[in-house]
Amino acid sequence: MSATTPVYLNAASAYSALGVDAESMRAHLFADADPQTLRWTDQYSPGRVLPLGCLPEGVELPALDFAPAHQRSRNNALAWGALHALQGAVAQAIARFGPTRVALVVGTSAAGIEEGEAAARCLFNEGRFPPGFSYPLQEMGNVAEFLAQHLGVRGPAHTISTACSSGAKALASAARLLRAGMADAVVAGGVDALGRFTLAGFSALEAVSVKRCNPLSVHRNGINLGEAAAFFVLSREAGPVRLAGWGESQDAHHMSAPDPTGQGAAAAMRQALARAGLEPADVDYVNLHGTATPHNDAMESHAVHAVLGNGVAVSSTKPLTGHALAAAGALEAAVAWHVLHNNPQGVLPVHWWDGMADPDVPSLAPVVPGLRLGRPVRAVMSNSFAFGGSNSALLFTAA
C-alpha cells in the first residue's frame, strides 16, 4: 500500500433527527422549505424546554437482549440501530476478506452515560447501585467492543474520544488502517446519545441556546444538542464516494474555546486538500462545523475564508440535527455522502438561519433555498472542531 492508495466509502447509514433511513435523510437535507426537524422538549432538562436533535417520534431503538449486561446501553442501541442497514455489507466484507482483515473504529463521548446517571441517582437515594448495574458500561471502549463482538469483526477495533471531532477522526483512522495494509475493510463512524449530564455540562458553559441555533448570524447565541449514529464500510475497492483527503491539527489554545485566529482549523483544511491533491477551487461545498456559538463561527469563518475564499457554497446542518458531539463528524460525512451520491443536479443542503450576517467576521456564501449547481457535485469538505483545539477536516469526492 502507499500514501496515495484510494480509500472509498462503499456503504453508509445514519440515525439522527433527519430520520433513520436514507430516504428521510435526503428529503430533509434537500428540502427547499425549512423541515423543522428539531424537537422542543424538557426530557433531558426538566423544567427547561429546549430544542434538541432527537430521533424522530416513534422510533424505537433495538433491544440488546442478546448482549451481556455491561453492553446494554442506549448509546450501543443507537449504534446498533444505525448499523442495521449495513450488516449485509459488513457480512460480505467478512466473507470476502476474513474476520481478522475487517477492522472497526468508532468515535464516542457519551458511552453509557445515561445508565451511569441512573445508577448515581440510585446510589445517592438508596445508598447502593441498582441491581445488575455494570460499571464497565461507561467505559469509552465499550461501544467498540460491543460492535466488534456482535458484527463478527476480528481485526483491529478501537474507540476515538476527542469530543466533537471523534466521528471525523474515526474515518481518518480507518483510512490509515487501509493504507497501512492492516485491514481490507473497516467499519467506521460515530455515535453519541443524549443525556441529562451532557445538557447540564453545556448549560454550565452557557453554550446552549433556548432557541433554534442560528449559525453565522450576528444574533447567534449557542448550540442545540442532538444525538446520532452514523457508520460506513470503507475499503480500497471502488465505491460511490471517495475519502480523498483528511487533515488533523491540534492548536491547544484553550480547554473549550477555539483559537480565534482559526490557524489550527485552516491547517487541517489545507492538509485535507494537499492529501487529496486538490485545489481550493475544486471544492463545491463545505459542510461547516457551524455550531452557532459566537467563538466557533467567527473562528471557522476566518479559516474557510483563508483557505477557500468567500465564493464556495457553505452551510451548517446543525439547525436540522442539533450538535451530535462525537457523532457530528460522522453524521456530516453522511451528509457529504448524500450530496455526492445520486444527486445529478447538485442540490445542496440549505443553510437555515435568519439571514443576518455578522459584519465582524469574513463573509461566506451560505446555501439558499432552491440553489442547484446544475451538475453533480465534485468535492465536499466537512469540518469538525473540538474542545482542546482538536481539529479535523474531511474531503470527499464523487467516485
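The values are calculated or read from the model by the stated rules, or taken from the named source; none is laboratory data. Remember, it's a predicted structure, so these values are computed and weren't measured experimentally. So basically every Cβ, Gly included, is an ideal-geometry build from the backbone, and we count neighbours across all protein chains shown. All accessible areas refer to the heavy atoms of the entire protein, side chains included, with ligands and DNA or RNA removed. Shrake-Rupley method; radii C 1.70, N 1.55, O 1.52, S 1.80 Å.
Using packing as a proxy for protection, rank 145-156, 39-50, 357-368 so that the peptide with the highest average count of other Cβ atoms within 10 Å comes first.
Top to bottom by mean Cβ count within 10 Å: 145-156, 357-368, 39-50.
From the square roots a ≥ b ≥ c of the eigenvalues of the alpha-carbon gyration tensor of region 348-399, which class results: rounded (a/c under 1.5), prolate (a/b over b/c), or oblate?
Oblate.
What number comes out for accessible area per residue over region 1-81 if the probe is 1.4 Å? Units Å², please. Show your work: numbers first, answer last.
Numbers: 3580 Å² over 81 residues.
For region 1-81, the per-residue accessible area is 44 Å².
How big is the equivalent ellipsoid of region 240-356 along its three axes, where each semi-axis is √(5λ) from the Cα gyration tensor, reported in whole Å from largest to smallest?
Working from the Cα gyration tensor, I get semi-axes of 22, 18, 14 Å.
For the ranges 331-342, 292-303, 85-96, 176-187, what's the packing order if you count other beta-carbon atoms within 10 Å of each residue, average per peptide, and put the highest first?
With the highest mean Cβ count within 10 Å placed first, the list reads 331-342, 292-303, 176-187, 85-96.
Please state the charge dipole magnitude for region 103-222, taken about the Cα centre, from unit charges on C-beta atoms (+1 on K and R, -1 on D and E), reported in debye and rounded to the nearest 20.
Dipole size: approximately 400 debye.
Over region 111-200, average the accessible area per residue using a 1.4 Å probe and give it in Å², no decimals.
39 Å²
Please report the antiparallel percentage of DSSP beta bridges with both residues in the chain, rounded to the nearest 5.
Looking only at bridges with both residues in the chain, the antiparallel portion is about 65 percent.
In square angstrom, what is the accessible area per residue of region 243-300 with a 1.4 angstrom probe?
Numbers: 2250 Å² over 58 residues.
Accessible area per residue, region 243-300: 39 Å².
Which value, in debye to the nearest 20, gives the size of the charge dipole of the chain about its Cα centre, when Lys and Arg are +1 and Asp and Glu are -1 at the Cβ?
On the way: 25 positive and 31 negative charges, 157 e Å.
That gives a dipole near 760 debye.
As I understand it, the dipole of region 1-85 uses +1 on the Cβ of Lys and Arg and -1 on the Cβ of Asp and Glu, about the Cα centre. Which of V20, W40, T5 lies farthest toward its positive end?
Result: T5, furthest along the dipole toward the positive end.
Would you work out what percent of the accessible area of the chain, with all protein chains in place, is carbon or sulfur (probe 1.4 Å)?
Values: 8160 of 14890 Å².
Accessible surface attributable to carbon and sulfur in the chain totals 55 percent.
For the chain, what does the helix formula give at 222 nm: sum of -39500 (n - 2.57) over DSSP H segments with n ≥ 4, over the residue count, nearest 500 deg cm²/dmol?
After summing the helix terms and dividing by residue count, I get -9500 deg cm²/dmol.
What is the packing order of peptides 117-129, 2-14, 234-246, taking the mean over residues of other C-beta atoms within 10 Å and listing the highest first?
By packing density, highest mean first, the sequence is 234-246, 2-14, 117-129.
May I ask which residue of F97, A334, M269 lies farthest towards the positive end of the charge dipole of the chain, with charges of +1 (Lys, Arg) and -1 (Asp, Glu) on Cβ and the Cα centre as origin?
Going by the charge dipole, the pick is F97.
Bin all alpha-carbon pair distances of region 177-233 at 10 Å intervals from 0 and give each bin's fraction as a whole percent.
Answer for region 177-233: a P(r) of 19, 31, 23, 18, 9 percent.
Pull out the extension gain between D65 and V218, defined as 0.36 nm times the separation in residues minus the alpha carbon to alpha carbon distance; nm, one decimal.
50.2 nm
Run the quick spin-label model on D358 and N310: label points 7 Å from Cα toward the beta carbon, then report their separation in nm to one decimal.
Using points 7 Å along Cα→Cβ, the separation is 1.5 nm.
So what is the relative contact order for the chain, in percent, with contacts set as C-alpha pairs under 8 Å and at least six apart? Write down the numbers at each step before the final one.
On the way: 1046 pairs, mean separation 92.8, N = 399.
For the chain, the relative contact order is 23 percent.
Which entry in (1) 21.9; (2) 27.5; (3) 18.1 matches mean projected area of the Cα convex hull in nm² derived from the coordinates of this structure?
Comparing each candidate, only (3) matches the computed number.
For region 281-321, take every pair of Cα atoms, bin their distances at 10 Å starting from 0, and report each bin as a whole percent.
28, 56, 16
Run the quick spin-label model on F97 and E206: label points 7 Å from Cα toward the beta carbon, then report their separation in nm to one decimal.
Once both label points are built, they end up 4.9 nm from each other.
Evaluate the distance, in nm, between pseudo-label points positioned 7 Å from the Cα of E126 and of R154 along their respective Cα→Cβ axes.
About 4.1 nm, to one decimal.
Per the Debye formula with a single identical scatterer at each Cα and no solvent contribution, what log10 I(q)/I(0) holds for region 102-161 at q = 0.24, 0.26 Å⁻¹?
So the normalised log intensities work out to -0.89, -0.97.
With the Cα gyration tensor of region 1-66 giving a ≥ b ≥ c as the square roots of its eigenvalues, does the rule (a/c under 1.5 for rounded; else a/b larger than b/c for prolate; else oblate) give rounded, prolate or oblate?
prolate
Taking 35 Å as R0, compute the FRET efficiency from the Cβ-Cβ separation of Q36 and A257 and round it to 0.05.
Details: r = 30 Å, r/R0 = 0.87.
FRET efficiency, Q36 to A257: 0.70.
With the cut-off at 1.5 for a/c, could you classify region 41-125 from its C-alpha gyration tensor as rounded, prolate or oblate? Numbers along the way, then the final one.
Details: a/c = 2.76, a/b = 1.84, b/c = 1.50.
Prolate, since a/c reaches 1.5 and a/b exceeds b/c.
List the residues, sorted by chain then number, that are 5 or more residues from A103 or on another chain and whose placed amide H is less than 5 Å from its amide H.
Those qualifying (amide H under 5 Å, at least 5 residues apart or on another chain) are D184, A185, V186, V187.
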